[in-house]
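**Q** Before I ask anything, let me first share the structure, which is written out below as structure tokens.
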Amino acid sequence: MLYSLVELNRAAMAPMRLAVKAGRMALRSPLNPIANTEYGKSLAAFADVFESTTRYYGKPEWRIDSVKINSAPVPVTPTTAWQSPWCTLVHFRKDPDALAAARKPGSAPLPRLLIIAPLSGHYATLLRGTVEGFMATHDVYIADWADARMAPIWLGRFDFDDYVDHVRSMITHVGPGAHVLAVCQPGPPTLAAISMMAEDDDPHRPATMTFMGSPIDARRSPTVPNELAEERPFEWFQQNMIHTVPAPYPGVFRRVYPGFVQLASFMNMNWSRHVDAQWRFFNHLVDGDGDNAGKHREFYDEYLSVLDLTEEFYLQTIRRVFQEHQLPRGVMKYRHKRPIKPAAIRDVALMTVEGEKDDISGIGQTQAAHDLCTKLPEDMRQDYIQPGVGHYGVFNGNRFRTEIAPRVTEFTRRFTKRDVDAALAADS
């Protein structure tokens, strides 16, 4: 019922939004005598704020068409490397001729980096800055998860273990010796997938795994979302957070955790900050500050674009990760049968990254991965806490670009070199 009400409200607002957009165009017309007055600018700015906050945001584009390597521009084309009904593995393919010209002759191929984007309400494009941060130093792939409201019910279920399967399949496709970086939610299922690959002595297992702001053990430094998951009984989430997709979406009748519910939860956590941001946006528009207004639009165009999660994936994540803490307690099982054993990992280097002010995954939750990978040598571990950043700053923004990404790059470079040296030694 809630989902249908939201859609009815969106439809009811459509005529008003069209009227406001028309009014905005009229207010900014050079033929309008009040266009350059304070009153006219304020009315146009109000129309802009109203339109942007009530708009329906679809899936954003990647908008990554080039990267500079050694100051030379190299064209980039996002292509589909692997696909299932539930996920697309996007490869940011660099033009081979331009890449060869930009790099030193005889340079080794760029190390392959697979970014596992979260399936927690936002599209993978929320990690655009993460992708851009590694484009010059890596051959980048990213998991782009499907929107459950667009998945017809005949596709069947998609649950936590299906997610683990997808992660393993994508690691296998990218190939042996690659580097895996999991941002936030994918931490536990990614660690589970790599644990099974290690136990199976899978030749496609990666060289490194990096976890950023991930709830490996949500019992440590619990945040507001962690406490909510602990305080509420499982039945509360079943009864209050799951809704039915209405027509005309392809996923009509599918039971989902709607993206707009997740978005509302996150915005309520920092409501005053979002209100202040809209007020600053209004003032930037009145003042004609196009740069700052553009940055605001860019962030909120992404932040307000949300997708739905299947009922089974969401509820299993709540139970297995946030209520029962199965992975850190050593009781997680794949398909209810196979125990997950991070101690089986012996040769996949581990790096953890946390933000000092993270209010989603508190300090220590990601570091817990080190305690689980007990057979991993000390020289294959690295932990880093970034001062002064919250959850979003762990994988986006200036400090990510200048302080976090270079550390991760150095970490992956070290173990890429190890694999190359081992291969050369084997050949000799």
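**Q** Quick test of your reading of the structure: Met197 fulfils all but one of (1) farther than 18 Å from Trp86 by Cβ; (2) modelled with pLDDT under 95; (3) of a type in the set (A, V, I, L, M, F, W, C). Name the failing condition by number.
**A** All conditions pass for Met197, except number (2).
Per-residue answers, yes or no, for (1) surrounded by fewer than 19 Cβ atoms within 10 Å (Cβ to Cβ); (2) of a type in the set (Val, Ile, Thr); (3) modelled with pLDDT of 95 or more; (4) at negative phi:
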{"residue": "Asn292", "(1), (2), (3), (4)": "yes, no, no, yes"}
{"residue": "Leu307", "(1), (2), (3), (4)": "no, no, no, yes"}
{"residue": "Glu324", "(1), (2), (3), (4)": "yes, no, yes, yes"}
{"residue": "Pro328", "(1), (2), (3), (4)": "no, no, yes, yes"}
{"residue": "Leu350", "(1), (2), (3), (4)": "no, no, yes, yes"}
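**Q** Now for a separate question. Can you tell me which condition Ala143 does not meet? The list is (1) within 16 Å of the chain's Cα centre (by Cα); (2) crowded, with 24+ Cβ neighbours inside 10 Å; (3) touching a residue at least 60 places away in the same chain (Cβ under 8 Å), and all the others hold.
**A** With respect to (1) within 16 Å of the chain's Cα centre (by Cα); (2) crowded, with 24+ Cβ neighbours inside 10 Å; (3) touching a residue at least 60 places away in the same chain (Cβ under 8 Å), Ala143 is out only on (3).
**Q** While we're on this one: Can you tell me which residue among Leu89, Leu126, Leu99, Leu119 is in a helix (DSSP H, G or I) and closer than 22 Å to Ala148 by Cα?
**A** Leu126
**Q** If you don't mind, another one. Inspect all residues belonging to the stretch 229-243 and state whether any of them is in a loop (DSSP other than H, G, I, E, B) and hydrophobic (A, V, I, L, M, F, W, C).
**A** yes
**Q** Looking at the structure I just gave you, is Phe211 surrounded by 15 or more Cβ atoms within 10 Å (Cβ to Cβ), touching a residue at least 40 places away in the same chain (Cβ under 8 Å) and part of a helix (DSSP H, G or I)?
**A** The answer is no for Phe211.
**Q** I would also like to ask the following. Being surrounded by fewer than 24 Cβ atoms within 10 Å (Cβ to Cβ) and not aliphatic (A, V, I, L, M) is the filter; apply it to the stretch 185-204 and report the residue that is nearest to Leu119 (Cα to Cα).
**A** Only one residue fits best here, namely Gln185.
**Q** Here's a follow-up. Within the stretch 178-208, how many residues turn out to be part of a loop (DSSP other than H, G, I, E, B) and in contact (Cβ under 8 Å) with a residue 40 or more places away in the chain?
**A** Adding up the residues that qualify gives 7.
**Q** Need the failing condition index for His391 against (1) at pLDDT below 95; (2) over 26 Å from Val164 (Cα atoms), just the number.
**A** Just one mismatch for His391, condition (2).
**Q** Sticking with this one: Is it true that Asp383 is under 19 Å from Leu127 (Cα atoms) and either at pLDDT below 95 or not aliphatic (A, V, I, L, M) (or both)?
**A** Answer is no for this residue.
**Q** So, Ala102, is that one assigned by TED's automatic domain parsing to the domain that holds Asp162, hydrophobic (A, V, I, L, M, F, W, C) and without any contact (Cβ under 8 Å) to a residue 40 or more places away in the chain or not?
**A** Yes; evaluated as a whole, the condition is true for this residue.
**Q** Say we look at the stretch 356-376 and pick out the residues that are of a type in the set (S, T, N, Q) and surrounded by 15 or more Cβ atoms within 10 Å (Cβ to Cβ); which of these is farthest from the chain's Cα centre (by Cα)?
**A** Gln367
The values are calculated or read from the model by the stated rules, or taken from the named source; none is laboratory data. Only a predicted model underlies this, so the values are computations on that prediction, with no experimental measurement involved. All Cβ positions, glycine included, derive from the backbone under ideal geometry; neighbour counts span all protein chains shown.
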